[in-house]
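These notes concern the structure reproduced below.
The values are calculated or read from the model by the stated rules, or taken from the named source; none is laboratory data. Note that the structure is predicted; figures quoted are calculated from it, not measured. Backbone-built Cβ (ideal geometry, glycine too); neighbour counts: all protein chains shown.
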Amino acid sequence: MIRRWAGGRPGSVGKDARAKNDVDRTEIRTEMMKHERRRRFALRSAALVALVAGGLVPSAMAQEARLTLDEVFVLARERSPRLLAARSMAEASRAREGWAGLLPDPVLQVGVMNLGLPSLAGDMPSSMVPSVQAMQMLPFPGKLSLSGRIAEQTTGMARAEAEEMWWDVRTEVAMAFYEVYSADRQIGVMRETLGLLRDFERVAKAMYSAGTGRQSDALRASVEVARMEADIVRMQAMRKAMAARLNGLLNRSADTPVPSPVLESLPEGIPAADTLRAWAEGFRPALARSRLGVERARSGLSLARKEIWPDLTLGFQYGQRSGEMGVERMGSAMIGFSLPVFAGRRQLRMREEAAAMEQTARAELTDLRVEVDARIGELVAALERTRTLVALYRREVLPQARANVQSAFSSYRVGTVDFMTLVDGQMTVNQYQGELYALLAEYGEAVAELEMTVGRTLPLAGNLATEDR
């Protein structure tokens, strides 16, 4: 029956055996190929699990203590030494204001007059024992009021200087805050990337050990892991320096722990440049100080013009002596005035000095207005550029990079791309995410500087601080 089934021809038994052996070898090869596919599928599945664990689906940042910008501002207002010094100067000026418009102190003299020599006896007809004399200088009318006005204007300038110092300190601590924020977010992205690289390193080494991977992939993964670890160490050192700078601005020890900053709000809509210029004219303390400086210089010029007029001095003298009829009392009254004998070299030069000071104050005010106007234009342009880049990263760059990762993920599953292509795509996503955080920090710094430039906070029209990952 075997012969019939095989064809029934003589000598067909050997051929049938050889055919059977060929079929067996084919089946064995088929089973080996199936086993190899299952093994590769298992390795790829392990790689995909490693990717998910390592950052393909980024994990949420661990819950930890957070620091807001408003909290930093409160600490700065309470603890800044420069702000305390500026406030003390304003208080000193205010104290000076109380006596600037008062009359000079009177002069009281007590003594004896017309004693006989060498006996020093007071028995001469003109002797006065004792003699009391009081003198009071009366400045030319208008001088005291001008001096009081100058003192008030100086106090106003000191207060404006203190407010301007607050905006300076506020801007510096805001920039330090955003630097720490950017560093923390960069470190977070780097750690996710490092986890991805370590997982790839393990998978690449496993695949190489199984004979299905390349040694170059494993070596490159090891190099990338070492480089990322070095980058993290360097960024952590930079973060420590930034935190020390922030602590210094807050008058705290350099090693005081600084929690991770968090953005609560960033105004997305910026008012028009004309509105910002009007705000600066009305709210910027530096402009208010310069305007008061012009007024004070004008008052100083008016006072200098009065210096050539003489100041009066009134005096009263009382004396007594012993006479034959008892105690004899005498009184005297005096009036005097200053003589501007050096008017050409003193009072007139004082006028020239005051006039030059007024011109200086006006020029400084004009220069500051030009500087504020130019800075507003620069900051508005920078904010518009950064806001456009943030929107571009959020709406196009990051979504397209993530889509590229998903495409590489699908291609990797069917074996059309290698593992490194998938890893490179995810690292590109992490790089773009870090750049987005840097842009948000840059935007916040520009907002803080613009608020200092106009002297008030910007209204919250939209919020750019959404931290989508």
ask   = Within region 430-445, is there a residue that is more than 25 Å from Glu163 (Cβ to Cβ), without any contact (Cβ under 8 Å) to a residue 40 or more places away in the chain and in contact with a helix residue (DSSP H, G or I) (Cβ under 7 Å, 6 or more places away or on another chain)?
value = yes
inquiry  = Just to check your reading of the model, which residue among Asp168, Asp184, Asp199 is surrounded by fewer than 20 Cβ atoms within 10 Å (Cβ to Cβ) and either assigned to a helix (DSSP H, G or I) or among the aliphatic types (A, V, I, L, M) (or both)?
reply    = Asp168
note = Subset of region 240-281, residues basic (Lys, Arg) and assigned to a helix (DSSP H, G or I), comes to Lys240, Arg245, Arg277
message = Scan region 361-371 and tell me whether some residue there is in contact with a Phe, Trp or Tyr (Cβ under 8 Å, 6 or more places away or on another chain) and either buried (at least 17 other Cβ atoms within 10 Å of the Cβ) or more than 30 Å from Thr275 (Cβ to Cβ) (or both).
response = no
ask   = Taking region 310-362 as the region of interest, how many residues are in contact with a Gly (Cβ under 8 Å, 6 or more places away or on another chain), outside any strand (DSSP E or B) and hydrophobic (A, V, I, L, M, F, W, C)?
value = 3
request  = Count, please, the residues in region 98-121 that happen to be surrounded by 10 or more Cβ atoms within 10 Å (Cβ to Cβ), in a loop (DSSP other than H, G, I, E, B) and modelled with pLDDT of 80 or more.
outcome  = 5
key: Number of positions in region 383-398 that are over 22 Å from Met190 (Cβ atoms) and surrounded by fewer than 17 Cβ atoms within 10 Å (Cβ to Cβ)   = 7
ask   = Has region 312-333 got any residue that is closer than 30 Å to Glu358 by Cα and not aromatic (Phe, Trp, Tyr)?
value = yes
